[in-house]
Each structure stands twice: as C-alpha cells, then as structure tokens.
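Worksheet for the structure shown next.
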Amino acid sequence: MDLNGDGKDEFIVQSEQRYSGGPMLFAFEERQRRFIMFGEQGDLYLGPRTNGYADIVTTSRAGAGEYTRCLLRYNNGTYRTVRIADYRLVRGRLVFVQERTPNPQ
C-alpha cells in the first residue's frame, strides 16, 4: 500500500513468530533499489497523513487485561512513537488508564 502518496507501494509484513501481544508487523519501503525497514509494531491501522505519510496506530496486549495503544508518525526517514496510551479491560470494555511520554528516539 502507498503510505506516503508518492505512487510507490510500501509493504507491511507480518512475522510468523508469535509474541505475548501477537505477531510483529514490519513496514518496508524501496530506497535506491533496496527495501528498507522503517517501522515495526503489533496490530495496526492507518490514520490521517502527517508529513506526507499515513499515521500508524497500534494496539498490543501487555498481559493480564492490560493493553497499550501507540501513535506513530513519520519524521526524518522513519516512523517514531509520539503518543503512548495504556488501557485496562473492565467488564469487556477498554478503559483509559494513563498516557505516557515516549522515550526520545
């Protein structure tokens, strides 16, 4: 799929390896006739574009009914986490717990 609107497809590949939160997903784009990985995470969906690239929102299971949702934005050649929100499963619904500041990358 074309994440940045440049007319070239980027690729999202799902790992066969399972982790506690599920499989990893890796995003690749072609640069100088080679495919370079520029993002990775668990379950994801694409959001609006920022800096010409689609935002990526991921959700992963942290265990014991805890979940983490991350917002990744493309900047300076790679996707970076700009927001982290923690949720807890309560009576079958995800309830917001806290927002954390991502580590600088």
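I'd like to know if the stretch 30-53 contains one or more residues that are surrounded by 13 or more Cβ atoms within 10 Å (Cβ to Cβ), of a type in the set (Asp, Glu) and at pLDDT 80 or above.
no
Only residues that are part of a strand (DSSP E or B) and either loosely packed, with under 15 Cβ neighbours inside 10 Å or modelled with pLDDT of 90 or more (or both): list them for the stretch 54-65, please.
Within the stretch 54-65, 62, 63 qualify.
Starting from residues that are at negative phi and modelled with pLDDT of 75 or more, keep the ones in the stretch 4-25 and report whichever is nearest to the chain's Cα centre (by Cα).
Restricting to residues being at negative phi and modelled with pLDDT of 75 or more, the top hit is 12.
Please enumerate the residues belonging to the stretch 82-94 that are surrounded by 10 or more Cβ atoms within 10 Å (Cβ to Cβ) and either within 17 Å of residue 62 (Cα to Cα) or of a type in the set (Phe, Trp, Tyr) (or both).
83, 84, 85, 86, 87, 88, 89, 90, 94
Might you check whether a residue that is among the aromatic types (Phe, Trp, Tyr) and touching a residue at least 12 places away in the same chain (Cβ under 8 Å) occurs anywhere in the stretch 88-105?
no
The values are calculated or read from the model by the stated rules, or taken from the named source; none is laboratory data. All values reported here derive from a predicted model rather than from experimental measurement. Virtual Cβ from ideal backbone geometry, glycine too; neighbours counted across all protein chains shown.
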